[in-house]
Amino acid sequence: MPGAKMTGVLSLTETLDDIAERWGVGTVTWTIGTGVEYSVFIAFGTSRMAARPYLRPALEEASRKLDQFAASANSLAELVRNIALFVEGRAKEILTEKDAVDTGTLRGSVTARPASGGTPAAMASISV
């Protein structure tokens, strides 16, 4: 896994196969999201405001670094936790970079946590 480059679906599949071989198959799910109602308008835009996506770019960046996360984790649970916390932090950075935060409410509401009940207004789940 170390030194692997994510170049497409085949590379992603190989990395996931390496993870399954290393720790076995299981399910660990974390949810990254926000409960702020207007978050969907920031992410997807409106007829009067351009979209300023923040969760999807953070997830895409994490997927490109999957091999790095896998190399530094000691378990499947740690791998998923580290990815989720990275996505949370990166989404907050993206919101700041795009000047999408007026009061800081949206940025402060983006959280990553182990999956349980409840559905935030905007959400991404990581499950391996």
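Of everything in segment 108-122, what is surrounded by 19 or more Cβ atoms within 10 Å (Cβ to Cβ), modelled with pLDDT of 85 or more and either β-branched (Val, Ile, Thr) or within 19 Å of residue 44 (Cβ to Cβ) (or both)? Give them in sequence order.
110
Taking into account only those residues within segment 56-83 that are among the basic types (Lys, Arg) and in contact with a helix residue (DSSP H, G or I) (Cβ under 8 Å, 6 or more places away or on another chain), which is nearest to residue 33 (Cα to Cα)?
That would be 56.
Pairs, please: C-beta under 9 Å, at least 6 apart or cross-chain, first residue under 18 Å from residue 105 (Cα atoms) and in segment 42-53, second modelled with pLDDT under 90 and of a type in the set (Asp, Glu)?
Close Cβ pairs satisfying both conditions: 52/99.
Answer yes or no: is there a residue in segment 5-24 that is part of a loop (DSSP other than H, G, I, E, B) and at pLDDT 70 or above.
Scanning segment 5-24, I find at least one residue that is part of a loop (DSSP other than H, G, I, E, B) and at pLDDT 70 or above, so the answer is yes.
Results for (1) modelled with pLDDT of 90 or more; (2) of a type outside the set (Gly, Ala, Ser); (3) over 25 Å from residue 21 (Cβ atoms); (4) assigned to a helix (DSSP H, G or I), shown as yes or no for each residue.
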{"residue": "32", "(1), (2), (3), (4)": "no, yes, yes, no"}
{"residue": "53", "(1), (2), (3), (4)": "yes, yes, yes, no"}
{"residue": "57", "(1), (2), (3), (4)": "yes, yes, yes, yes"}
{"residue": "80", "(1), (2), (3), (4)": "no, yes, no, yes"}
{"residue": "88", "(1), (2), (3), (4)": "yes, yes, yes, yes"}
{"residue": "91", "(1), (2), (3), (4)": "yes, no, yes, yes"}
{"residue": "103", "(1), (2), (3), (4)": "no, yes, yes, no"}
{"residue": "126", "(1), (2), (3), (4)": "no, yes, no, no"}
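Keeping to segment 28-77, report how many residues are basic (Lys, Arg) and farther than 16 Å from residue 97 by Cβ.
Number of matching residues: 3.
How many residues are under 24 Å from residue 43 (Cβ atoms) and either crowded, with 21+ Cβ neighbours inside 10 Å or of a type in the set (Phe, Trp, Tyr) (or both) when one looks only at segment 70-87?
Qualifying residue count for the region: 5.
List every residue pair whose Cβ atoms lie under 7 Å apart, where the two residues are 6 or more positions apart in sequence or sit on different chains, the first residue falls within segment 58-73 and is in contact (Cβ under 8 Å) with a residue 12 or more places away in the chain and under 16 Å from residue 89 (Cα atoms), and the second residue, located anywhere, is among the small types (Gly, Ala, Ser) and crowded, with 17+ Cβ neighbours inside 10 Å.
Final answer for the pair search is 58/91; 59/124.
The values are calculated or read from the model by the stated rules, or taken from the named source; none is laboratory data. Model, not experiment: these values are computed from the prediction. Cβ sites come from the backbone with ideal geometry, for glycine too, and all protein chains shown count toward neighbours.
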